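The values are calculated or read from the model by the stated rules, or taken from the named source; none is laboratory data. Note that the structure is a prediction, hence the values are computed from the model and not measured. We place every Cβ from the backbone using ideal geometry, glycine too, and count neighbours over all the protein chains shown.
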Amino acid sequence: MATAIRTLQVIRKMDRGGAETLLMNLLRVIPSDEFTFDFAVHTDEVGDYDEEILSRGGSIFHLPAFTGINYVAYRKACKRLFGSTQHYDIVHGHQGSCAAIYLAEAKRHGSAAIAHSHNTEGSAPLLQALAFNVVARPVRWVADYFIGCSRQAGIDRFGEGIVESDRFSFLPNGIDSAAFAFSAEARREIRHDLGVGDGLLVGHIGRLTYQKNHAFLLDLFVKVMERDGSAKLLLIGRGELEGEIQQKVRELGLSDRVLMLGVRDDISAILSAMDIFVLPSHAEGLPLVSIEAQASGLPCLFSEGIPYDAVLSDRARILSLSHGADAWADAIVSTARRHAQDDRHDGIRIVVDAGYDIADCAQKLCSIYARLSSRGSAEDLR
């Protein structure tokens, strides 16, 4: 029997974020006797998915958070990691800021190196983005192969030359489509638990960070309430801006209208309970939750920061942030009403037909891994 291809996934922390959930979706469907998944994380804290990773036979290694000024210490930690663990056929980098460092060390120990872009430019404040680009750019000359969750995510991180070459692949952010099937029973239960009744439930799922643009979301929700007094806003997620968002909720007098539930593990049921899903992000690679929402048959309103690849049906549309809060409120109320009687059970078919089912995604990634590991470097993929 052939030996399984051993992969190490390098990421910040295995919490319930988009890239992290994609990795777990892959881990659950890819045969462990053919491909093994271990993880290197940049924290000593326990991640949301750590227990499941360990239960599935994966290992978790801990690296220090990269700050720039700890370059020497960070590089030594990478050397220790790759010098002390068993050999990995593939080291797959999802942590962008320090990818050039850990992928270079991985290659010195005989691993094929993949750099994966999960975001586009504009997903972070300007100074933070400039600093990221300075430290992340060298990965273009280190990695053997490159992956992007969208073509634009690849261009912004690696440059058009790499994206147009045979060293780049677009890998859809696949989901277990069937797991997000609309459930009328779950909808009734969640709405009852939340005290929503028959009112308009506007939903958002995402980290409480600058990227997701919660300040604008709250401003536009004030306008939504002017148009529909029954409306409530459901926020799922946590992040560094949680305190600021809670303060703004209070300042706007929305404490009884905005439901902040933190991180949940029943996202499918939560989506079934919503009437419309709203994502006004500054920029995104291709958010996994946008696909999950459409699998649930939800009408969706996205900003221009979301790639058009994420629009899978006529129930989803893109509206520029420049149109302002009033236009967004009009669109939310009218879109929710227009699709209120839709049969949401066709969401799964829409996602599968668009190529975003995890089975298709896993097959494509396994093919990349197999070619890289069997031939040693991306040079042989040409």
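Within segment 305-325, residues that are under 19 Å from Gly285 (Cβ atoms) and free of Cβ contacts under 8 Å to residues at least 60 places away in the same chain sit with their Cβ atoms under 6 Å from residues that are assigned to a loop (DSSP other than H, G, I, E, B) and small (Gly, Ala, Ser), at 6+ positions apart or across chains, in these pairs: Leu312/Ala354. Determine, yes or no, whether Ser290 is surrounded by fewer than 24 Cβ atoms within 10 Å (Cβ to Cβ), more than 20 Å from Ala325 (Cβ to Cβ) and of a type in the set (Ser, Thr, Tyr). Considered against the rule, which asks whether it is surrounded by fewer than 24 Cβ atoms within 10 Å (Cβ to Cβ), more than 20 Å from Ala325 (Cβ to Cβ) and of a type in the set (Ser, Thr, Tyr), Ser290 comes out as no. For segment 103-121, a residue qualifies if it is within 22 Å of the chain's Cα centre (by Cα) and of a type in the set (Ser, Thr, Tyr), and the qualifying residues are Ser117, Thr120.
Residues of segment 306-338 that are under 22 Å from Val222 (Cα atoms) and not hydrophobic (A, V, I, L, M, F, W, C): Arg317, Ser320, Ser322, His323, Gly324, Asp326, Asp330, Ser334, Thr335, Arg337, Arg338.
Every residue in segment 77-94 that is under 26 Å from the mean Cα position of the chain (by Cα) and closer than 25 Å to Glu34 by Cβ, please. Matches in segment 77-94: Tyr88, Asp89, Ile90, Val91, His92, Gly93, His94. Among residues of segment 1-22 that are over 17 Å from Gln86 (Cα atoms), those with a Cβ under 6 angstrom from a residue that is of a type in the set (D, E, K, R) and surrounded by fewer than 23 Cβ atoms within 10 Å (Cβ to Cβ), sequence gap 6+ or separate chain, pair up as Met14/Asp50; Asp15/Asp48; Arg16/Asp48. Selection over segment 30-65 of residues that are crowded, with 16+ Cβ neighbours inside 10 Å and touching a residue at least 60 places away in the same chain (Cβ under 8 Å) gives a count of 4.
Answer yes if at least one residue in segment 250-268 is surrounded by fewer than 23 Cβ atoms within 10 Å (Cβ to Cβ), among the hydrophobic types (A, V, I, L, M, F, W, C), more than 20 Å from the chain's Cα centre (by Cα) and part of a helix (DSSP H, G or I), and no otherwise. Taking every residue of segment 250-268 in turn, none turns out to be surrounded by fewer than 23 Cβ atoms within 10 Å (Cβ to Cβ), among the hydrophobic types (A, V, I, L, M, F, W, C), more than 20 Å from the chain's Cα centre (by Cα) and part of a helix (DSSP H, G or I). Can you confirm whether Glu240 is in a helix (DSSP H, G or I) and surrounded by fewer than 20 Cβ atoms within 10 Å (Cβ to Cβ)? So Glu240 does not fit the description; no. Under the condition of being among the basic types (Lys, Arg), in contact with a Lys or Arg (Cβ under 7 Å, 6 or more places away or on another chain) and over 16 Å from Leu279 (Cα atoms), the residues counted in segment 221-261 number 1. Taking each residue of segment 256-280 that is in the same structural domain as Ser313 (by TED's automatic domain parsing) and farther than 14 Å from Leu208 by Cβ and looking for partners that are assigned to a helix (DSSP H, G or I) and of a type in the set (Phe, Trp, Tyr) with beta-carbon atoms closer than 7 Å, six or more apart or interchain, yields Ser268/Phe180; Leu271/Phe180.
Within the option set Asp33, Asp44, being of a type in the set (D, E, K, R), outside any helix (DSSP H, G or I) and within 23 Å of the chain's Cα centre (by Cα) holds for one residue only, Asp44.
Annotation: of all residues in segment 50-66 being in a loop (DSSP other than H, G, I, E, B) and in contact with a Leu (Cβ under 8 Å, 6 or more places away or on another chain), the one that is nearest to Arg238 (Cα to Cα) is Leu63. Among the residues in segment 67-84, are any touching a residue at least 24 places away in the same chain (Cβ under 8 Å), in the same structural domain as Ser373 (by TED's automatic domain parsing), surrounded by 20 or more Cβ atoms within 10 Å (Cβ to Cβ) and part of a loop (DSSP other than H, G, I, E, B)? Checked against the condition, which is being touching a residue at least 24 places away in the same chain (Cβ under 8 Å), in the same structural domain as Ser373 (by TED's automatic domain parsing), surrounded by 20 or more Cβ atoms within 10 Å (Cβ to Cβ) and part of a loop (DSSP other than H, G, I, E, B), segment 67-84 yields no hits at all.
A quick yes/no check of all residues on (1) farther than 30 Å from Gly93 by Cα; (2) free of Cβ contacts under 8 Å to residues at least 12 places away in the same chain; (3) in a strand (DSSP E or B):
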residue	(1), (2), (3)
Gly154	no, no, no
His204	no, no, yes
Leu217	yes, no, no
Glu226	yes, no, no
Leu235	no, no, yes
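Tell me yes or no: at least one residue of segment 94-101 is over 25 Å from Asn173 (Cβ atoms) and hydrophobic (A, V, I, L, M, F, W, C). Checked against the condition, which is being over 25 Å from Asn173 (Cβ atoms) and hydrophobic (A, V, I, L, M, F, W, C), segment 94-101 yields at least one hit.
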